[in-house]
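Here's the structure we're looking at; comments come further down.
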Amino acid sequence: MNTLKQILNQQVGAALSEVSGLADCDPNVITASKPEFGDYQSNGVMSIAKKAGSNPRQLANDVVEKMTADANPLIERFEVAGPGFINIHLSDSALMQRAAEIRSDLQKLIPQTAQAEKIVVDYSSPNLAKEMHVGHLRGTIIGDCLARVLERQGHEIIRQNHVGDWGTQFGMLISYMRELSASQGDLPTQLADLESFYRAAKKRFDADSDFADTARASVVKLQGGDADHLVVWQQFIDESLKHCQAIYDKLNVTLSRKDLKAESFYNKDLKGVVEKLEQASLLSISNGARCVFLPEFTGKDGNPLPVIIQKTDGGYLYATTDLAAIQYRSIELKAERSLYVVDARQSLHFQQVFAVAREAGFSSANISLEHIAYGTMMGKDGRPFKTRSGDTIKLVDLLDEAIRRARELVAQKNPGLDETAYTEIAEKVGIAAVKYADLSKNRTSDYVFDWSTMLSFEGNTAPYLMYAYARIRSILRKRDSGLEDVQITSVSETAERNLLLKIMQLSEVVDMVARDCYPNLLCNYLYELAGLFMRFYESCPILKADAQLRDSRLALCALTASALKQGLDLLGIETLEKM
Ligand code: ARG
């Protein structure tokens, strides 16, 4: 099933090609920017007229005449406006027929793509030396939303959790672990709080130069494959991954152990990376290190910026591993897109490694490498979100606080529920509020983390949308059964028609998110959808209407609920039947 926008683009495009005599015309059909312009508008006529050397208004008129003569059941009427825009009004019967088709198979709300691709989504990817902190929230949930959206469209998604498990910090941690287990045993308890463990190790490292030397020697041993060091390292990594998994489960994020492709996985390929760069004559030595200089990357002073590949002591760097990872994703997995959902502060890193990869042939010509950058989560003081004392906040603590606050809120709103109900509602609402507050902002900007707005039942928030959903479900429960066979037979009220058209546009928004990777577009859509539902609910009696109209409106309610539920699901937000 194609979206309305796709159908209109095909139809208007074909007519435009025919009357202009130019092949493959793009009619640029978009959702109408104002209600008086109809349901959709075609903005492409003017540029085609320019190419064809014809009068744009005349061309628009010819297109409309041609399409009207074709007696298209989808269309109620056209208008030519301004210099050559075409306003498109869809017919009510076509809308209702399409609704019936979707009602018979709700999966059609978001149809499968005609061109399924293999897509890598690299997200979350924390460094395992420390516990996940608030800085990992954005990448984890934006990435998960994109993976869900693309997967729902029928693409083959390969999630990659590119965790940092191989850097110098692990030498320090391993040495500290070896020391402790020699003197005290019982490591798992000590590792239960990774954050304090890291701090204790760091303190020891800074205070004792013998220990620091041992730590440095440990990295070399680890990276050289020393069996004893590997065992201790693996113990640490396992413990750290358990912490991550607990967060993913709490967040309802679809990552698991099988999505892990840690930095250490690429260790075996790093020598080959250097050789390949050498063969391509891209390496030069700068201050003893092996680097690649590409002319398009220069610093403020105009001097070329290096991509450092190998340090003087032989150690490899973050970029080296990323080149190996590009090779794996492009050449071995044969992915067609590879998304990197990573902090905007790594922009230059990705521009550089993508460019080096292309230059040296680590990527094939048909992969699109995309850095999906996001900004920083700020506190109310406009600085990166921290505790009062300036420490980073553990992600698990933030999520627990969200659940605690949601519980208070629900208890206020809805006294008299039992304990299990409070717990379930608070967990879902608290997590949803945090996720939605983030996903609903344009990912490229920084945003201010604010408990009170995200937990409000008014405005563009998760509680508002979840409440709207629960409210529709409660209306539907009033009709005992048999609603499945009931169809939408009335869109004569503006509020009904607007709501139905909006429901059909879910798939168009999903298309945009899949292409441009902005989850906030889906959030805005769902907020507007809920708003249109509220308007419909206020202006159109449902249960009090006569039988046929009542059923038509209930069917519209049911379709709205499905669209909300499916949309929220793509954001990784679970709905509640009652709140
Ligand atoms: N571990 C890195 C960090 O915490 C993020 C890794 C992102 N993915 C990648 N392929 N570089 O900054």
- Message: Condition first: more than 30 Å from Lys428 (Cβ to Cβ) and either among the hydroxyl-bearing types (Ser, Thr, Tyr) or without any contact (Cβ under 8 Å) to a residue 60 or more places away in the chain (or both). Now tell me which residues in segment 247-264 satisfy that.
- Response: Ser264
- Can you confirm whether segment 496-511 contains a residue that is closer than 22 Å to Leu106 by Cα and among the small types (Gly, Ala, Ser)? yes
- Task: Can you work out which of the residues in segment 263-274 that are within 22 Å of Val120 (Cα to Cα) and of a type outside the set (S, T, N, Q) is surrounded by the most Cβ atoms within 10 Å (Cβ to Cβ)?
- Result: Val273
- Only one of Ala545, Ala561 is assigned to a loop (DSSP other than H, G, I, E, B) and either touching a Phe, Trp or Tyr at 6+ places or on another chain (Cβ under 6 Å) or of a type in the set (Gly, Ala, Ser) (or both), namely Ala545
- Message: I'd like to know if segment 326-338 contains one or more residues that are of a type in the set (A, V, I, L, M), in a helix (DSSP H, G or I) and within 14 Å of the ligand (Cβ to nearest atom).
- Response: yes
- Task: Please identify the pairs in which a residue from segment 277-303 that is within 14 Å of Leu348 (Cα to Cα) has its Cβ atom under 7 Å from the Cβ atom of a residue that is small (Gly, Ala, Ser), counting only partners at least 6 apart or on another chain.
- Result: Phe293/Ser284; Leu294/Ala355; Glu296/Ala355
- Query: Filtering segment 306-320 down to residues that are away from the ligand (no atom under 16 Å from the Cβ) and surrounded by 14 or more Cβ atoms within 10 Å (Cβ to Cβ), which residue is farthest from Val356 (Cα to Cα)?
  - Reply: Gly315
- Task: Hey, can you tell me all the residues within segment 250-294 that are away from the ligand (no atom under 16 Å from the Cβ), of a type in the set (Gly, Ala, Ser) and within 20 Å of Ile308 (Cα to Cα)?
- Result: Gly272, Ala280, Ser281, Ser284, Ser286, Gly288, Ala289
- Message: Can you confirm whether Glu424 is surrounded by fewer than 16 Cβ atoms within 10 Å (Cβ to Cβ), within 30 Å of Leu283 (Cβ to Cβ) and not β-branched (Val, Ile, Thr)?
- Response: no
- Item | Filtered residue count, segment 281-296, keeping only those that are over 29 Å from Val219 (Cβ atoms) and either more than 34 Å from the chain's Cα centre (by Cα) or surrounded by 13 or more Cβ atoms within 10 Å (Cβ to Cβ) (or both) | 2
- Message: So, Val356, is that one part of a strand (DSSP E or B) and either away from the ligand (no atom under 13 Å from the Cβ) or not acidic (Asp, Glu) (or both) or not?
- Response: no
- Query: Tally time: how many residues in segment 469-488 are among the hydroxyl-bearing types (Ser, Thr, Tyr) and assigned to a loop (DSSP other than H, G, I, E, B)?
  - Reply: 1
- Message: Looking at the structure I just gave you, is Val434 in a helix (DSSP H, G or I), buried (at least 20 other Cβ atoms within 10 Å of the Cβ) and at pLDDT 95 or above?
- Response: yes
- Item | Condition broken by Ala114, with the remaining ones in (1) within 16 Å of the ligand (Cβ to nearest atom); (2) small (Gly, Ala, Ser); (3) within 24 Å of Ile367 (Cα to Cα) satisfied | (1)
- Task: Output the number of residues of segment 1-26 satisfying the condition of being loosely packed, with under 15 Cβ neighbours inside 10 Å, within 16 Å of Glu65 (Cα to Cα) and of a type in the set (A, V, I, L, M, F, W, C).
- Result: 0
- Residues of segment 443-470 satisfying the condition of being under 15 Å from Tyr527 (Cβ atoms) and of a type in the set (D, E, K, R): Glu458
- Message: Could you list, ordered by first residue, the pairs with Cβ atoms under 6 Å in which the first is in segment 528-554 and over 17 Å from Leu95 (Cβ atoms) and the second is of a type in the set (Gly, Ala, Ser) and assigned to a helix (DSSP H, G or I), at least 6 apart or interchain?
- Response: Ala530/Ala468; Arg535/Ala495; Ser539/Ala495
- Query: Ile75 passes all but one of (1) touching a residue at least 24 places away in the same chain (Cβ under 8 Å); (2) away from the ligand (no atom under 13 Å from the Cβ); which number fails?
  - Reply: (1)
- Subset of segment 78-119 (residues that are exposed (fewer than 15 other Cβ atoms within 10 Å of the Cβ) and either β-branched (Val, Ile, Thr) or at positive phi (or both)): Gly82
- Note on the structure: The one condition Leu150 fails out of (1) over 21 Å from Asp438 (Cα atoms); (2) more than 16 Å from the ligand (Cβ to nearest atom); (3) under 18 Å from the mean Cα position of the chain (by Cα) is (1)
- Task: Determine whether segment 176-193 contains at least one residue that is surrounded by 14 or more Cβ atoms within 10 Å (Cβ to Cβ), closer than 20 Å to Val219 by Cα and within 16 Å of the ligand (Cβ to nearest atom).
- Result: no
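Per-residue answers, yes or no, for (1) touching a strand residue (DSSP E or B) at 6+ places or on another chain (Cβ under 7 Å); (2) β-branched (Val, Ile, Thr); (3) assigned to a helix (DSSP H, G or I); (4) within 16 Å of the ligand (Cβ to nearest atom):
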site: Val342; (1), (2), (3), (4): yes, yes, no, yes
site: Arg345; (1), (2), (3), (4): no, no, yes, yes
site: Ser363; (1), (2), (3), (4): yes, no, no, yes
site: Asn366; (1), (2), (3), (4): no, no, no, no
site: Glu370; (1), (2), (3), (4): yes, no, no, yes
site: Thr392; (1), (2), (3), (4): yes, yes, no, yes
site: Asp397; (1), (2), (3), (4): no, no, yes, no
site: Asp400; (1), (2), (3), (4): no, no, yes, no
site: Arg404; (1), (2), (3), (4): no, no, yes, no
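Closer than 19 Å to Tyr123 by Cβ and either modelled with pLDDT of 95 or more or of a type in the set (D, E, K, R) (or both): which single residue out of Leu294, Leu260, Leu277 fits that description?
Details: Leu294 fails: closer than 19 Å to Tyr123 by Cβ; Leu277 fails: closer than 19 Å to Tyr123 by Cβ.
The match here is Leu260.
Residue-by-condition table, conditions (1) under 24 Å from the mean Cα position of the chain (by Cα); (2) buried (at least 19 other Cβ atoms within 10 Å of the Cβ); (3) in contact (Cβ under 8 Å) with a residue 40 or more places away in the chain:
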{"residue": "Val410", "(1), (2), (3)": "no, yes, yes"}
{"residue": "Leu417", "(1), (2), (3)": "no, no, no"}
{"residue": "Val429", "(1), (2), (3)": "yes, yes, yes"}
{"residue": "Asn442", "(1), (2), (3)": "yes, no, yes"}
{"residue": "Ala462", "(1), (2), (3)": "yes, yes, yes"}
{"residue": "Ala470", "(1), (2), (3)": "no, no, yes"}
{"residue": "Ser481", "(1), (2), (3)": "no, no, no"}
{"residue": "Val491", "(1), (2), (3)": "no, yes, yes"}
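The values are calculated or read from the model by the stated rules, or taken from the named source; none is laboratory data. What you see is a predicted model, and the numbers here were worked out from it, not measured in a lab. So basically every Cβ, Gly included, is an ideal-geometry build from the backbone, and we count neighbours across all protein chains shown.
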